Amino acid sequence: MNIQTSISLFFAIFISSCHEGKKNADSKIYGVWKSDQDQSYESMLVNTSFSEKKKAAFKANFGKTQLTFLRDGICETYRPSYKVPMGGGNFFTSEESKKESKFEVVGETDNQIVMKFEDVDSGVKPEFSIYYLTFHIKDDDTISLSQDGGRLPLGLPGREYFKRVKK
């Protein structure tokens, strides 16, 4: 078990013990959430010195993902096909993707939700298909996602912000 997994498990257990009575049915997470391109991009720019080419590529990736958290413990993730500028007039086309994951709220406070996810039909050994994510609650209609100690996946600084589209 690596240090990041150990830290994630510690915080998941800690938050769970702080709010033991909270069950999935009471969570603020239910509904449809869409990535907020502007807030996510601004968050990523803090403490970075990316070239304009890289900034454009990163910005193109935000604002696409839609997360639907259902009361039966399923999270549907959808990303449409879109183009990412690669410089010199070239583009990379990201294909449409749909994914289902099982989720469980491990712990929830007024400003944070720690969730355990398990990929459904990922083809990966079960012990590698379980992961924890932390959503930070900004207000009733805005959350942000961080992983690995407050960073975005791939080690990027910042958070990805999501706006509630539907309860």
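Read the figures in this text as sums done on the coordinates, not as results from a lab. This structure is a prediction, so every number in the text was calculated from the model and none was measured. Here the Cβ is made from the backbone with ideal geometry for all residues, glycine too, and neighbour counts use every protein chain on show.
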Quiz prompt | Packing rank of 70-78, 90-98, where each peptide gets the mean count of other beta carbons within 10 Å, highest leading | solution = 70-78, 90-98
Exercise. Set the Förster distance to 25 Å, then compute FRET efficiency between E42 and D141 from the Cβ-Cβ distance, nearest 0.05.
Key: 0.90
Quiz item: Could you name the lysines in cross-link range of K64, using Cα to Cα under 18 Å and dropping any fewer than eight places away on the same chain?
Solution: K34, K54, K55, K83, K98, K99, K163, K166
